[in-house]
Amino acid sequence: MSYLELACRLLLVTVFATAVAGKIASRPAWRAFVDSLNRMDAVPARLLHPAAWASLAAEIAISLLLVVPGRIFGAAGFVLAIGLLGSFTVAITSAIRRGKNAPCRCFGASVTPLGWSHVVRNSGLMVLAALGLTAALSGGPIEVAPAVVAAATGVVVGLLVTRLDDLLALFRTP
């Protein structure tokens with residue numbers, strides 16, 4: 001495992017675990033997430049609930065695969081993350097272009113409408129997942145002190161990503 005792989009693993013675990021927690025925090029949180037998918041009009045109504053459950057299951061799977069040590073688990077988690085983020089990005093881009101004003105319920109209670117910042121965020125996360133995948137396939141020994149720095153960096157950046165809507169709101173003019 002390389003330092004880059006470790007940082008990317010923990011960044012993505014932080015992002016996806018936070019997303020899972022935000023969606024399952026309560027029944028109203030879950031309903032708000034499903035409603036946001038409905039407002040995006042990304043899937044037919046009959047597939048709305050299966051799509052919501054599939055999204056949640058994929059986020060849980062990514063978190064578990066990336067937290068378990070091992071090259072195969074890491075590679076699988078990174079590949080699944082790239083696929084899921086790619087599908088989210090396509091759905092968000094489509095919703096924006098069709099003028100759908102759905103809130104981003106990616107991490108729970110945000111009411112910020114989906115926008116290009118979400119496309120950029122997901123694209124950046126896909127790049128990090130691809131870097132993590134590359135690092136996972138190359139491997140190598142690591143030392144404890146730099147590993148702690150890499151791990152902390154991944155978690156902190158992951159937390160910042162989950163609060164990106166709030167951070168961007170600080171810089172918007174009213």
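Any read-out appearing in this document is the output of simple, stated calculations on the displayed coordinates, not a laboratory observation. Since the structure is predicted, the reported quantities are computational estimates derived from the model, not experimental observations. When we count neighbours, we look across all protein chains shown, and the Cβ atoms used for this are built from the backbone with ideal geometry, even at glycine.
Give me the net charge of ILE142's neighbourhood, meaning all other residues with Cβ under 14 Å from the Cβ of ILE142; Lys, Arg count +1, Asp, Glu -1.
For residues surrounding ILE142, the net value is 0.
With the contact rule set at Cα under 8 Å and sequence spacing of 6 or more, what percent relative contact order holds for the chain? That works out to 40 percent.
What is the local net charge at ALA75, summed over the other residues whose Cβ is closer than 13 Å to its Cβ (Lys, Arg +1; Asp, Glu -1)?
Taking every other residue near ALA75 into account, the sum is +1.
When only the Cβ of Lys, Arg, Asp and Glu is charged (+1, +1, -1, -1), the dipole of the chain relative to its Cα centre reaches about 580 debye.
Using the average count of surrounding beta-carbon atoms within 10 Å as a protection proxy, the listed peptides 13-25, 40-52 rank, highest first, as 13-25, 40-52. Give the shape of the chain as rounded, prolate or oblate, defined through the alpha-carbon gyration tensor: a ≥ b ≥ c are the square roots of its eigenvalues, a/c under 1.5 means rounded, and otherwise the shape is prolate if a/b is larger than b/c and oblate if not. Taking the square roots of the gyration eigenvalues as a ≥ b ≥ c, the chain is prolate. Other residues whose C-beta falls under 9 angstrom from the C-beta of THR112 contribute a net charge of -2, scoring Lys and Arg +1 and Asp and Glu -1.
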